[in-house]
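The values are calculated or read from the model by the stated rules, or taken from the named source; none is laboratory data. The structure displayed is predicted, hence computed values, not measured ones. Positions of Cβ are generated from backbone atoms using ideal geometry, with glycine treated the same way; all protein chains shown enter the neighbour counts.
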Amino acid sequence: MNDFSIEETLDEIAVVSKRVSKLSKELVSTSRSLEQAAAKGDLNKLKSAAERLANLRNQIDAETESLTKSWLMNDAAVDSALETKLMDEVSGLLKRQGISVHRYGSGWSASLLMLRVESKSRSVKLDRSRLPTVRPSLIAAAVTDPRHRPSTRPEQFVETLYLAYRFAVGSNSLSNQPMRIGSSVPLSEVYKALTLHPETRREYSIESFTRDLYVLDQSGLSNTKDGMRMFFSASTSSKGGGGVLTVLDDNGAPHNYFAVAFREVE
């Protein structure tokens, strides 16, 4: 297990499958020959077909045994490979295309997409989509597929962010923490307001939220339709401080976000 490749192992199994498929076709053909020889009482052909049938059975048994002995059939070995090997192979494939993969929280970041290996379901979460595959080449292809690019539009997200901000301001006021529109609110609180329903929070991770903040920030758009201007602020404890949200850009450089305020445009 020290020197192996998930991609190559899957390719080897595919080759075995093709050989078994070919043997199976020969098995069906030989079975028909055996049936015809028996019907005609042709013992010479019957003996030849029976010997051929036995030989095919041995070949199929050997191929099946090689398949069942693959480490991919061992749950513990698969768990280990997914945890320690999968993203290394994906990173290598993406690197050839000029895309860097960086460790980010409990997952990885690649071209502003969030990847998370889910060993239990034998799948990979790519942002909000689940990829039912652990083949490195398919995961790498999904990362570069335009259909999986971040789809949040800044002009829509700034409006959504403003609504969640207003809710967060109201919630803090009710909890005896005087707040008003224009005050800076921690983005972690805005995220909570945006994902009140547990299912929403499972589908829209804090990492995806932070990525959307970065996309909005980089767009240069800061005004809402009804004349409010957005202001991001950084915490004095931005370097690893509590409540600070961090996203990695394409070069792996961190961008920190702590609070947001919306104020009327004068």
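What the table shows:
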| read-out | value |
| --- | --- |
| Which listed residue is touching a helix residue (DSSP H, G or I) at 6+ places or on another chain (Cβ under 8 Å), surrounded by fewer than 17 Cβ atoms within 10 Å (Cβ to Cβ) and under 22 Å from ASP250 (Cα atoms), from THR133, THR144, THR160, THR64 | THR144 |
| Check on PRO198, more than 21 Å from HIS102 (Cβ to Cβ) and either in the same structural domain as GLN97 (by TED's automatic domain parsing) or at pLDDT 90 or above (or both) | no |
| Pairs where the first residue, in segment 242-260, is free of Cβ contacts under 8 Å to residues at least 12 places away in the same chain and the second is surrounded by 21 or more Cβ atoms within 10 Å (Cβ to Cβ), C-beta under 7 Å, 6+ apart | PRO254/LEU248 |
| Test: ALA140 is outside any strand (DSSP E or B) and in contact (Cβ under 8 Å) with a residue 40 or more places away in the chain | yes |
| Any chance VAL158 is among the β-branched types (Val, Ile, Thr), at pLDDT 95 or above, closer than 26 Å to GLY227 by Cβ and assigned to a helix (DSSP H, G or I) | yes |
| Condition met for VAL185 (modelled with pLDDT of 90 or more and more than 29 Å from the chain's Cα centre (by Cα)) | yes |
| Some residue of segment 11-30 being touching a strand residue (DSSP E or B) at 6+ places or on another chain (Cβ under 9 Å) and on the phi < 0 side of the Ramachandran plot | no |
| Residues that are surrounded by 14 or more Cβ atoms within 10 Å (Cβ to Cβ) and either in contact with a Ser or Thr (Cβ under 8 Å, 6 or more places away or on another chain) or among the small types (Gly, Ala, Ser) (or both), drawn from segment 86-103 | GLU89, SER91, GLY92, LEU93, LEU94, ILE99, SER100, VAL101, HIS102 |
| Positions within segment 199-232 being under 11 Å from VAL265 (Cβ atoms) and of a type in the set (D, E, K, R), in sequence order | ASP226, ARG229 |
| Any pair with Cβ under 7 angstrom, 6 or more apart, that starts in segment 2-20 at a residue that is closer than 21 Å to THR84 by Cα and ends at one that is charged (D, E, K, R) | SER5/GLU89; ILE6/LYS85; ILE6/GLU89; GLU7/GLU89; GLU7/ARG135; LEU10/ARG135 |
| Residues located in segment 79-136, provided they are basic (Lys, Arg), part of a loop (DSSP other than H, G, I, E, B) and either touching a Gly at 6+ places or on another chain (Cβ under 7 Å) or touching a residue at least 60 places away in the same chain (Cβ under 8 Å) (or both) | LYS85, ARG128, ARG135 |
| Options SER80, SER109: the member that is closer than 30 Å to LEU126 by Cα, small (Gly, Ala, Ser), outside the structural domain of THR246 (by TED's automatic domain parsing) and surrounded by fewer than 15 Cβ atoms within 10 Å (Cβ to Cβ) | SER80 |
| Among residues of segment 86-114, those that are within 18 Å of ARG201 (Cα to Cα) and in contact with a Lys or Arg (Cβ under 7 Å, 6 or more places away or on another chain), counted | 3 |
